[in-house]
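Coordinate-derived values only; no laboratory data. This one's a predicted model, so the numbers in the text were calculated from it and none came from an experiment. Here the Cβ positions follow ideal geometry from the backbone for every residue, glycine too, while neighbour counts run over all protein chains shown.
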Amino acid sequence: MNVKQESLITVVDAGSSKICVLVAELQDGVLRYRSHGIEAARGMRKGLIAELGPAADAINRAALAAERGARAPIETAVVGVGGSHVRGVNSRGGISMGSRMREITREEVRAAVDRARSVALPPDREVLHLLPQEFILDDQGGIHDPIGMVGNKLEVNLHLSTCSGGIAQSVVTCTNRAGLEVTDTIYEGIAAAEAVLSADERELGVCVADIGSSTTELAVFFEGSIAHTAVLPIGGDHFTNDLAVGLHVSVEEAEELKCIYGNCVVTAVPQSNEIEIGSNLAVGSLNAGGGTSRIVRQRFLAEILEPRARELFTMLRDNLRQGGVLEALGAGCVLTGGGSRIAGLLDNAESLLRVPSRVGMPVPLSRMPEELVSPEFSAAIGMLLYTHRTQVRRASEEQGLRSKLKAIFAGSY
């Protein structure tokens, strides 16, 4: 099937546990699922690239699988960036337009944003996103788009999502080695929010916690704009490793036990419940029984998992308080990512944050397989939606510029 390359959008979500390459096609202004490829992650550690060769090979394998499904060559991709090196900072700046009132154009908006972004960053930091929170025109705040309005002074409150330049470049280099040209990078916390939040939640105030394998990416929205971003150094693998050590089983069996029998609330598990463990132990595991099965109380799993859950949400609460947004969660907290599926996490979130919480399922694209409509694919689906929205906005701006130029030249004859 012949497909125009410019109608395809490809995203790469390279996590600690899996590599996902997702392809969508733009048809008549509608974004439709085209194909995907999933490969076990290699060369990754704690969400970062530890070995370039194996990581590039895993991305290449996932991209080839997606390419076969799309029946079209995949040449470019948008890549997600996450990990504990990502940090957010708020800034304010603006411009004065003299004593006479003037109409605000796109040039004034750009000048105000440039002034606000000129904060002192360490030399190794790189800006991932420039996200205006609100514009202030002659001391009138709460303006989302000042173009066409009239005033003397334009200011902007800006959120800068920053990352380590070296680590981000490693992700780009790795994807390039896999045969894909990187056209853009997106913070995975913002991408996940794109896939799971409603407009009302963004307006009322909400925190999205994308719980991955090694880290939890946060994005807080208030009054329709981004207010705070951060990354916590706890993810789903920490729960799994706690079980592996506490139960003396392999990591593989601990993961299975976590998903099937795990609960982060001790009192939610009946005292009489017992489960069999150890029958699927890997060779060389810590179990002294040599792989023989044994019976343990199911509550023992919860006694291991609950402290880790409380640590995660205590850290999340303290981070939001430090960022000044803890009291802004009118719509509560949305958990997504593969780690959000652990039973009892919502109870811990509500108990420690004192706001309603839910598990965020990504908005499915047209024709998307049901197995992808799951929290662990929120970031990848969100990257597609974010990229599409960005492309539409840029096209609209270019169309507006062309119309203005056409009017100027038409009036010169």
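Among residues other than R310 whose Cβ falls under 15 Å from its Cβ, what is the net charge (Lys/Arg +1, Asp/Glu -1)?
Here the charged neighbours net out to -4.
With unit charges on the beta carbons (Lys and Arg positive, Asp and Glu negative) and the dipole taken about the Cα centre of the chain, which residue among L335, H144, S161 sits farthest to the positive side?
Highest projection toward the positive end goes to H144.
Please tell me the relative contact order of region 179-288 in percent, rounded to the nearest whole number, where contacts are Cα pairs under 8 Å and at least six residues apart.
16
Pairs of alpha-carbon atoms within less than 8 angstrom and 6+ residues apart define the contacts here; what relative contact order does the chain have, in percent?
Reported relative contact order: 16 percent.
Whole Å is fine, so just give me how far the alpha carbon centre of region 185-243 lies from that of region 1-75.
Their Cα centres are 22 Å away from one another.
Show which aspartates and glutamates lie in cross-link reach of K153 when reach means a straight Cα distance below 18 angstrom and same-chain residues fewer than eight apart are skipped.
E103, E107, E108, D114, E134, D138, D139, D145
Which value at 222 nm does the chain reach when only helices count, each DSSP H run of 4 or more adding -39,500 (n - 2.57), with the total divided by all residues and rounded to the nearest 500 deg cm²/dmol?
Helix-only estimate at 222 nm: -12000 deg cm²/dmol.
Hey, how many Å between the Cα centroid of region 110-183 and the Cα centroid of region 311-382?
About 25 Å separates the Cα centre of region 110-183 from the one of region 311-382.
Counting Lys +1, Arg +1, Asp -1, Glu -1, what net charge surrounds L31 among other residues with beta carbon under 13 Å of its beta carbon?
That sum, taken over residues with Cβ under 13 Å, equals +1.
Between R102 and E274, what is the label-to-label distance in nm when each label sits 7 Å out along the Cα-to-Cβ direction?
So the label points at R102 and E274 sit 8.1 nm apart.
First select every other residue whose beta carbon is under 10 angstrom from the beta carbon of S214; then total the charges, Lys and Arg +1, Asp and Glu -1.
The answer is +1.
Compute the Cα gyration tensor for the chain, then decide on rounded, prolate or oblate, letting a ≥ b ≥ c be the square roots of its eigenvalues: rounded whenever a/c is under 1.5, prolate when a/b is larger than b/c in the other cases, and oblate in all that remain.
prolate
Report the relative contact order of region 87-162, percent, no decimals, based on alpha-carbon pairs under 8 angstrom and at least 6 residues apart.
Here the relative contact order equals 49 percent.
How far apart, in nm, are the 7 Å Cα→Cβ label points at D28 and Q169?
4.6
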